[in-house]
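Undergrad: Quick one: structure below, then a few questions.
The values are calculated or read from the model by the stated rules, or taken from the named source; none is laboratory data. Computed from a predicted structure; not experimentally measured. Cβ placement follows ideal geometry from the backbone for every residue including glycine, while neighbour counts extend to all protein chains displayed. Keep in mind that these areas ignore ligands, DNA and RNA; they rest on the heavy atoms of the full protein, side chains included. Shrake-Rupley method; radii C 1.70, N 1.55, O 1.52, S 1.80 Å.
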Amino acid sequence: MSHATESVRDGYDRWAAVYDHDANPLQALEGPAVRAAVGDPRGRTALDLGCGTGRHALWLAAEGAAVTAIDFSEGMLAEARRKPGAEAVRFQVHDLHRPLPFSTDQFDLVVSGLVLEHLRELGPFFAEVRRVLKPGGRAVVSAMHPAMFLRGAIARFTDPDSGEVVVPGSVNHSVSEFVMAALRGGLRLDDVSEFAPDATFAARQPRAAKYLDWPMLVVLSLAWES
């Protein structure tokens with residue numbers, strides 16, 4: 001395992017304690033967008049890649065999906081397991097830089113939220129998504145919009161114990177790199193949507209005010225392609 005991967009994992013282990021209380025506008029923007037793209041998951045087998053503290057996994061399970069959720073941060077998974085409904089989710093530790101520990105054609109749905117910026121190589125990730133999807137399956141993948149890097153916005157948090165600003169590490173991929181990696185991985189692109197906060201959203205999420213009308217989020221809706 002590389003030092004870079006270790007530093008990202010350590011950063012997210014430390015972030016876990018405050019991750020859900022950070023008033024992060026990107027998460028507030030991303031949650032409804034991903035849920036809308038997923039639609040009704042009832043009765044589906046679902047895999048959440050890079051589940052963090054479980055915001056997507058727990059919603060999927062509550063809506064009636066059979067959910068497996070993986071993350072490489074033990075700290076994030078510990079927070080996820082404490083939440084109501086967590087007993088319905090199969091959580092496990094796994095580094096997304098490695099092949100997924102699942103059989104081919106195993107899941108109806110794959111969801112991944114705000115993970116791509118932490119992956120050095122996008123090709124293997126999307127190829128693995130395609131491999132574990134059942135024929136006819138779908139994937140919804142969100143990412144921080146690359147335009148955010150132009151504003152100096154990268155994943156970071158303030159450690160509540162030390163006051164230190166911790167930057168887990170990010171890779172600036174372009175939207176075209178997201179799209180082409182998915183296509184080369186054997187997935188069909190059904191939709192790509194970009195989201196920017198408007199004044200109404202910024203009124204609810206004050207930290208979004210400085211990004212008014214600036215692209216913060218991209219969501220890919222993908223499908224298994226024969």
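Undergrad: Residue pairs, Cβ under 7 Å, 6 or more apart or interchain, first in region 71-86 and at positive phi, second of a type in the set (G, A, S). List them.
TA: Note: pairs meeting the criteria are G85/A61; G85/A62.
Undergrad: Which of the residues spanning region 82-131 are over 21 Å from G186 (Cα atoms), open to solvent by 30 Å² or more (accessible area, probe 1.4 Å) and either among the charged types (D, E, K, R) or assigned to a strand (DSSP E or B) (or both)?
TA: Hits for region 82-131 are R82, K83, E87, R90, Q92, V93.
Undergrad: Hey, does region 147-155 have a residue that's closer than 23 Å to D48 by Cβ, modelled with pLDDT under 95 and open to solvent by less than 20 Å² (accessible area, probe 1.4 Å)?
TA: Checked region 147-155: at least one residue is closer than 23 Å to D48 by Cβ, modelled with pLDDT under 95 and open to solvent by less than 20 Å² (accessible area, probe 1.4 Å).
Undergrad: Which residues, counting only those in region 56-81, are buried (at least 18 other Cβ atoms within 10 Å of the Cβ), outside any loop (DSSP other than H, G, I, E, B), at pLDDT below 95 and not acidic (D, E)?
TA: Scanning region 56-81 gives G75, M76, L77, A80.
Undergrad: Hey, another quick one. Mind checking which residues of region 183-202 are more than 21 Å from the chain's Cα centre (by Cα) and open to solvent by 80 Å² or more (accessible area, probe 1.4 Å)?
TA: Selection gives T200 alone.
Undergrad: Also: Take region 103-128 and flag every residue that is closer than 20 Å to L58 by Cα and either at pLDDT 95 or above or basic (K, R) (or both). Steps first, answer last, please.
TA: Within region 103-128, the first condition is being closer than 20 Å to L58 by Cα, and the residues that meet it are 106-115.
Once the filter is applied, which keeps residues that are closer than 20 Å to L58 by Cα and either at pLDDT 95 or above or basic (K, R) (or both), region 103-128 yields Q106, F107, D108, L109, V110, V111, S112, G113.
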